[in-house]
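Following: one structure in structure tokens, then a few remarks.
The values are calculated or read from the model by the stated rules, or taken from the named source; none is laboratory data. The structure displayed is predicted, hence computed values, not measured ones. Positions of Cβ are backbone-derived with ideal geometry, glycine not excepted, and every protein chain shown enters the neighbour counts. Ligands, DNA and RNA are stripped out before the accessible areas are found, and what is left, the full protein with its side chains, is counted by its heavy atoms. Shrake-Rupley method; radii C 1.70, N 1.55, O 1.52, S 1.80 Å.
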Amino acid sequence: MAVFSGLSERINHVFSKLKSRGSLTELEIKQAMREVRVALLEADVNIAVAKDFIKKVTEKAVGEEILKGLNPAQQVIKIVNEELTELMGSTQSKLVVSSKLPTIIMMCGLQGAGKTTMCGKLAIHLKKQGKKPLLVACDIYRPAAIKQLKIVSEKAGAGFFEQGQQNPAKTAKQAVEFANKNGFDTVIVDTAGRLHINEELMDELKQVKASVDVDEILLTVDAMTGQDAVTVAEAFDKALDVTGIIMTKLDGDTRGGATLSIKAVTGKPIKFCGTGEKLEDIEVFHPDRMASRILGMGDVLSLIDKAQEAITQEDAAKLAKKLKDQSFDLNDYLAQFENLQKMGGIKDLVGMLPGMGKLKISEKDIDEKELLRFKAIIQSMTPKERSEPKILNYTRKKRIAAGSGTSVQDVNKLVKNFEQTKEMMKRFGKGKKGMKLPF
Amino acid sequence: MGFFKKIIDGLKKTQQNIGFKLKQLFKVGVFDDDFFDELETLLLSSDVGASATLEIVDLLRDRLEEEKITDPDQAMNELKDILVEMLDTDPFEIKSPAIIMVVGVNGVGKTTTIGKLASQFKNQGKSVVIAAADTFRAAASEQLEVWAERAGVRIIKHQEGSDPAAVVFDALSSAKSRKTDVILIDTAGRLHNKVNLMEELKKINRVISREYPEAQRKNLIVLDATTGQNALQQVELFNDAVSIDSIALTKLDGTAKGGVVIAIREKFGIPVDFIGVGEGIDDLMPFDAESFVEGIL
């Protein structure tokens, strides 16, 4: 997935050479921290921020007792991850809603950060909450920027307001009047991308801010930004006193270290992130997930979410009932396979699990084809065979094998796997509700 | 100096930071571990990346030792030499007919770069046609049309959402019949880890090879100078898909240093040929390793 190996691997490597018992020694921490530093820098965390962070973590880690069940490497990773999550902001932040309507949101950022697209995404997000947003075109410089926002607003089903190349502050003011007259409760002002060192254009933003009663000033930042992220964020914050940050293009394979740098330097909350090309692809920011992403530790929480999306509550309830009255059959098993495919296949899921780098799972170990084979086998069975797998004798198996283009051994393998899964799930079912993966 | 003034101006902002600190650092004239640690930090803060930084630091350490250099100015020059050697490249030359396909992730400035390139080739007396193969982003072809108009070149476009390969096909046919010198292909921004979008790019690539095999080919990736280490992944995956020949580094008029191109050169050997230093049509410069390094240091 990534060019660089994850932090867990690096740290495991360090500790594999050391034999630590009881508590973490200073030397061990120092060696581990060197790896943490490289991981942070490769993730584009600002070097000054990384230095501070490491100092803090070292202080905390030295002498810390190693918890039962954890090895020293895991202990260090745990501390690093906790600290990182804390630094990233521990709660998610919502958008401010003004007591005096309309609520006014102003976007700002460098060229190409994704402001115009994000306007549309915010509009969709707000519409889902029952709001009526109006998008206002104040990018009077980039060719076809106004047209782009117009198309975006149509796609999002939001209102649109423009006054051509007129002064943006004036346009913003008129837009608010327009919103008041036409019942829009939220105004989103798209502004031109600009360099933070272009004083003239920064002044223009200040004028827009002064012309209307702005509730939110959201700085849009490309998640792939490098060391310069800090300079940019500081400059925008100083000029406009931004109220929040939006990270875009987080659907790439970037580690997104810029997120941490910006948060550390400005102290402003990260409110949303853009996670795809479609207008629906907007997510509320999760600090804990970002932490493990920066460290290259897999995204366990996202995995759980993904699983929960694919397996609906209803399905889960049905399944729980079946387990209880022992009626889990091959039909349900088939449904499980389909769920797994919905989640993007095994390879995708494995990629999201932490520690998988260490296991070095090769393509042939995860046999997507086997999944398809299993599906074909079940689909070649009669309804009776599916609900009562016990009746499967050699003749039936031979017929099923021929029908699915497999062998009797394959059919036997499936039946065996099914029995094991059933057994496993019975045990699972007694415990917590929730995740039910058939493997 | 005139010609490079803009670059120098652009890079000056970065200079105030790192250049000043570097000079202070070298001035001390003691080249011990602390010195190299500090140098490492400075390079890292220019986005040079961990592995390229280590290589540069090691190289400098060796050279200072070998040649017994103790003079600060001389040491500084050694560092410059190392960086210039790493980045130096032959001038970007094309022979007609040439096809330049421009690729890159979203928002790096592909469309703007194409507008500027079109203008440059036009000024060199070449005939140019632009293929608007970004049929995905809203109003992308309108944006490109404005640039084509400014540059005074032809543009071939279809409707939003149509097949990009078909746009390219039409542009190639048109270019062949008119004996156009340069064909510039704008493609949709895509995050490099999106498999189906990379497949689309391969398809365009195949169409070009099939329809106009005699034309000279250049695949140009546009990188945003503000991008950090992810630029390495971008180059790697685009290079896997369509084999990249050249880099245009944009937005160098900000405070970003674009040091990641050093890491890219070290890892993939792909040269930077152009740098973008502003939004005007003439704000695209041929890359010059010495000016670039001069600007960084």
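Being over 27 Å from the mean Cα position of the chain (by Cα) and not in a helix (DSSP H, G or I) is the filter here; which residues of region A:30-62 pass it?
A:V62
Among the residues of region B:146-180, which ones are under 21 Å from B:E199 (Cα atoms), within 14 Å of chain A (Cβ to nearest Cβ) and not in a loop (DSSP other than H, G, I, E, B)?
If the condition is that a residue be under 21 Å from B:E199 (Cα atoms), within 14 Å of chain A (Cβ to nearest Cβ) and not in a loop (DSSP other than H, G, I, E, B), then no residue fits.
How many of the residues making up region A:336-391 are modelled with pLDDT of 80 or more and open to solvent by less than 70 Å² (accessible area, probe 1.4 Å)?
Within region A:336-391, residues that are modelled with pLDDT of 80 or more and open to solvent by less than 70 Å² (accessible area, probe 1.4 Å) number 13.
Name the single residue, out of those in region B:212-226 being at pLDDT 95 or above and in contact with a Leu (Cβ under 7 Å, 6 or more places away or on another chain), that is most open to solvent (accessible area, probe 1.4 Å).
So, considering only residues that are at pLDDT 95 or above and in contact with a Leu (Cβ under 7 Å, 6 or more places away or on another chain), the one most open to solvent (accessible area, probe 1.4 Å) is B:Y212.
Search region A:91-116 for residues being in a loop (DSSP other than H, G, I, E, B) and within 14 Å of chain B (Cβ to nearest Cβ), and hand back the single one that is surrounded by the most Cβ atoms within 10 Å (Cβ to Cβ).
Filtering first and then ranking leaves A:A113.
Hey, can you tell me all the residues within region B:250-288 that are more than 21 Å from B:W147 (Cβ to Cβ), open to solvent by 10 Å² or more (accessible area, probe 1.4 Å) and either assigned to a helix (DSSP H, G or I) or out of contact with any strand residue (DSSP E or B) (no Cβ under 8 Å at 6 or more places or on another chain) (or both)?
The answer is B:T255, B:K257, B:R265, B:E266, B:K267, B:F268, B:G269, B:D288.
This table checks each residue for (1) closer than 18 Å to B:E142 by Cα; (2) crowded, with 24+ Cβ neighbours inside 10 Å; (3) more than 14 Å from every other protein chain (Cβ to nearest Cβ).
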{"residue": "A:Q148", "(1), (2), (3)": "yes, yes, no"}
{"residue": "A:E154", "(1), (2), (3)": "yes, no, no"}
{"residue": "A:F161", "(1), (2), (3)": "no, yes, yes"}
{"residue": "A:G164", "(1), (2), (3)": "yes, no, yes"}
{"residue": "A:N167", "(1), (2), (3)": "no, no, yes"}
{"residue": "A:K170", "(1), (2), (3)": "no, no, yes"}
{"residue": "A:K181", "(1), (2), (3)": "no, no, yes"}
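Among the numbered criteria (1) loosely packed, with under 15 Cβ neighbours inside 10 Å; (2) modelled with pLDDT of 55 or more; (3) within 28 Å of B:L191 (Cβ to Cβ); (4) among the acidic types (D, E), which single criterion is violated by A:D325?
Looking at each condition in turn, A:D325 falls short on (3).
Quick check on my filter: what residues within region B:235-249 are within 11 Å of another protein chain (Cβ to nearest Cβ) and either part of a loop (DSSP other than H, G, I, E, B) or buried (at least 18 other Cβ atoms within 10 Å of the Cβ) (or both)?
Within region B:235-249, B:V235, B:L237 qualify.
Counting only residues that are away from every other protein chain (no Cβ under 14 Å) and open to solvent by 10 Å² or more (accessible area, probe 1.4 Å), how many does region B:181-206 have?
6
Any idea which of A:V49, A:V62, A:V57, A:V36 is of a type in the set (V, I, T) and buried (at least 24 other Cβ atoms within 10 Å of the Cβ)?
Result: A:V36 is the single residue among A:V49, A:V62, A:V57, A:V36 that is of a type in the set (V, I, T) and buried (at least 24 other Cβ atoms within 10 Å of the Cβ).
Residues that are surrounded by 22 or more Cβ atoms within 10 Å (Cβ to Cβ), part of a helix (DSSP H, G or I) and without any contact (Cβ under 8 Å) to a residue 60 or more places away in the chain: does region A:80-87 have at least one?
No, there is no match, as no residue in region A:80-87 is surrounded by 22 or more Cβ atoms within 10 Å (Cβ to Cβ), part of a helix (DSSP H, G or I) and without any contact (Cβ under 8 Å) to a residue 60 or more places away in the chain.
Suppose we filter region A:117-146 for residues that are at the interface with chain B (Cβ under 9 Å from one of its Cβ atoms) and farther than 19 Å from B:L144 by Cα; how many remain?
Of the residues in region A:117-146, 1 are at the interface with chain B (Cβ under 9 Å from one of its Cβ atoms) and farther than 19 Å from B:L144 by Cα.
Mind listing just one residue for me: the one in region B:106-145 that is without any contact (Cβ under 8 Å) to a residue 12 or more places away in the chain and in a helix (DSSP H, G or I) and, of those, least open to solvent (accessible area, probe 1.4 Å)?
Restricting to residues being without any contact (Cβ under 8 Å) to a residue 12 or more places away in the chain and in a helix (DSSP H, G or I), the top hit is B:E142.
Are any residues in region B:210-234 in contact (Cβ under 8 Å) with a residue 40 or more places away in the chain, assigned to a loop (DSSP other than H, G, I, E, B) and more than 14 Å from every other protein chain (Cβ to nearest Cβ), and if so, which ones?
B:Y212, B:E214, B:A215
Show me the strands (runs of 3 or more DSSP E) found entirely inside region A:217-314 where at least 1 residues are at pLDDT 85 or above and within 14 Å of chain B (Cβ to nearest Cβ).
A:244-248, A:270-274
What tally of residues in region A:384-407 results from selecting those that are assigned to a helix (DSSP H, G or I) and without any contact (Cβ under 8 Å) to a residue 40 or more places away in the chain?
Final tally of qualifying residues: 14.
Which ones in region B:105-143 are among the basic types (K, R) and either farther than 19 Å from A:A144 by Cβ or at pLDDT 90 or above (or both)?
B:K110, B:K116, B:K122, B:K126
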